[in-house]
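Okay, so here's the structure we're looking at.
The values are calculated or read from the model by the stated rules, or taken from the named source; none is laboratory data. Everything quoted here is computed from the prediction, not taken from an experiment. When we count neighbours, we look across all protein chains shown, and the Cβ atoms used for this are built from the backbone with ideal geometry, even at glycine. Surface accessibility is based on the protein's heavy atoms, side chains included, excluding ligands, DNA and RNA. Shrake-Rupley method; radii C 1.70, N 1.55, O 1.52, S 1.80 Å.
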Amino acid sequence: MKRVVILGAGTGGAMVANRLARHLSTELTNTGIEIALVSDTESHIYQPGLLYVALGLADPDSVFREHKKLLVPGVRLVQDPAVKIDMNQRSILLNSGKMMEFDYLVLATGSHPDLDAIPGFREGAHSFYTFNEAMKTRKDLAEFDKGKLLMIIGVPHKCPVAPVEFMFMFDDLLRKKNRRSDYELMYTYPIGRLHSLQPCSDWAEGAFEKQGIIGETFFNPETIDPKKKIVYTLEGEEVDYDFLVAIPPHRGAPVIRASGLGDPEGWLPTDRATLELQGYRGVYVVGDATNLPISKAGSTAHYESEVVVRNIIRELHGEKPIALYDGKVFCFIEGGLDRAMHIQFDYNNPPKPADPTQMVHWFKMAFNRMYWLSVRGMV
Ligand SMILES: Cc1cc2nc3c(=O)[nH]c(=O)nc-3n(C[C@H](O)[C@H](O)[C@H](O)COP(=O)(O)OP(=O)(O)OC[C@H]3O[C@@H](n4cnc5c(N)ncnc54)[C@H](O)[C@@H]3O)c2cc1C
């Protein structure tokens, strides 16, 4: 019997598990290959939906589906968080005390915002990168009736475009209510441009100017004083706010660090082409958990899952893993409430943002529903 264990049932993990089960369907019953998906939650969350939830544009329940309803036959769901991975024994210690051995392992443990990275964040800031934060923002933003909304960002963070989208969508919401003049909107970014990718930054700069959104670069938040409502930066600035939206810097999953894997921030050293964990045969990484210099995005996890699935199937058949990932990423970017654009890029080709259109916005709306088919490995 050969066992493939996939750790983490988010975007990347669920896609790998379902795609493997689809490709291996007859072999699973005839040759005793087992696919086990280890999860620390009961439900899958569609994280891009949190942007809409925070702005009051989507029903909070719409972003959840139970894992068991998303998995195709042949995937065994193990709802028992992993506590430690032992690469020498090729086994995982689960929270229940059970040990789970693996022949092949896929690490898909994602990334999370470190809510304690910026002192004062918990008392003074709002966010939309976790469900609870998105719900708090949804409630408080509805009551925020005039003043200055300030966005601060720490790097790295997943979905590099979501903070920009938030600004454009909030701006448009205010315009639709004819209330834009009661608000000041200010967006900041830690490096010398408004977005990690230069072409996106160039586009955002022009579009911010057009919408009257202030953009400031080299803005590294150090602390937040929630009583005075001031953000202090490493650059020595003090900026006041009435409503603070913060995207704290992200980290890899605690189990990665607890297992002595990855760098101090919990990112796993990953071969940029084969997606193998460096130094280990038969162990792969997908999604946000890698240390690759590309956007941490669901589409990244999607394209990577196709490569990992091909390589694991080759290995199960006694062949060398030769499928290669080219760094492909695809992102929709909402430029308001009824217009969007899409960008595509890879290791060698930068994105080329175009003007947002209504049609692309409707594609994005359709994708928000199609995501659930994509997780099942159907598109
Ligand atoms: C507000 C927002 C908007 C976004 N918008 C977009 C977008 O428009 N387009 C896009 O492509 N991407 C977007 N993303 C990013 C996208 O959601 C992530 O990049 C994607 O989910 C990464 O997939 P993953 O499988 O690596 O991690 P995740 O989907 O986060 O899954 C990781 C899983 O591992 C589990 N896990 C962790 N530790 C353990 C453990 N010890 N035991 C068991 N399970 C464990 C976690 O609970 C989680 O279920 C957005 C994200 C946010 C927050």
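Tabulated data for the structure shown
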| item | result |
| --- | --- |
| Modelled label reach - Lys2, point 7 Å along Cα→Cβ, segment 278-310 residues with backbone N closer than 12 Å | 282, 310 |
| For segment 113-250: relative contact order, % (alpha-carbon pairs under 8 angstrom, 6 or more apart) | 39 |
| Global geometry of the chain, whether rounded, prolate or oblate, following the gyration tensor of its Cα atoms and the 1.5 cut on a/c | prolate |
| Arg65 accessible area, 1.4 Å probe, all protein chains in place, Å² to nearest 10 | 90 |
| Square roots of five times the Cα gyration tensor eigenvalues for segment 202-353, Å | 37, 22, 11 |
| Distance from segment 1-51 to segment 173-222 (C-alpha centre basis), Å | 39 |
| Charged-residue dipole, Cβ positions (Lys, Arg, Asp, Glu), the chain about Cα centre, Debye nearest 20 | 1100 |
| Taking the chain and dividing mean pair separation by its residue count, relative contact order in percent (alpha carbons under 8 Å, at least six apart) | 19 |
| DSSP bridge pairs, the chain: antiparallel proportion in percent, nearest 5 | 45 |
| Value of D in µm² per second that Stokes-Einstein yields for segment 113-250, Kirkwood Rh from Cα pairs, at 25 °C (0.890 mPa s) | 164 |
| Accessible area (Å², per residue) of the chain, counting only protein heavy atoms and a probe of 1.4 Å | 44 |
| Net charge over other residues, Cβ less than 12 angstrom from the Cβ of Asp140 (K, R count +1; D, E count -1) | -1 |
| In range of the label at Gln198: residues from segment 333-351 whose backbone nitrogen is under 12 Å from the point 7 Å along Cα→Cβ | 350-351 |
| Protein accessible area in segment 334-379, 1.4 Å probe - carbon and sulfur % | 59 |
| Environment charge at Pro248 (Cβ cut-off 15 Å; Lys +1, Arg +1, Asp -1, Glu -1) | -2 |
| Residue-level accessible surface for Phe218, protein heavy atoms, 1.4 Å, Å² | 120 |
| Nearby lysines by direct alpha-carbon distance to Lys177 (threshold 16 angstrom, same-chain neighbours under 8 apart not counted) | Lys146 |
| Contour minus Cα-Cα distance for Ala354 and Arg272 (0.36 nm per residue) | 26.7 nm |
| For segment 170-245: rounded, prolate or oblate by the Cα gyration tensor [a/c cutoff 1.5] | oblate |
| Contour minus Cα-Cα distance for Asp114 and Leu373 (0.36 nm per residue) | 90.2 nm |
| Around Thr270: net Lys/Arg minus Asp/Glu count, Cβ-Cβ under 13 Å | -3 |
| Carbon plus sulfur fraction of accessible area for segment 113-250, probe 1.4 Å, in percent | 49 |
| Value in Å of the Kirkwood radius, where segment 19-124 supplies the Cα pairs that are averaged | 16.8 |
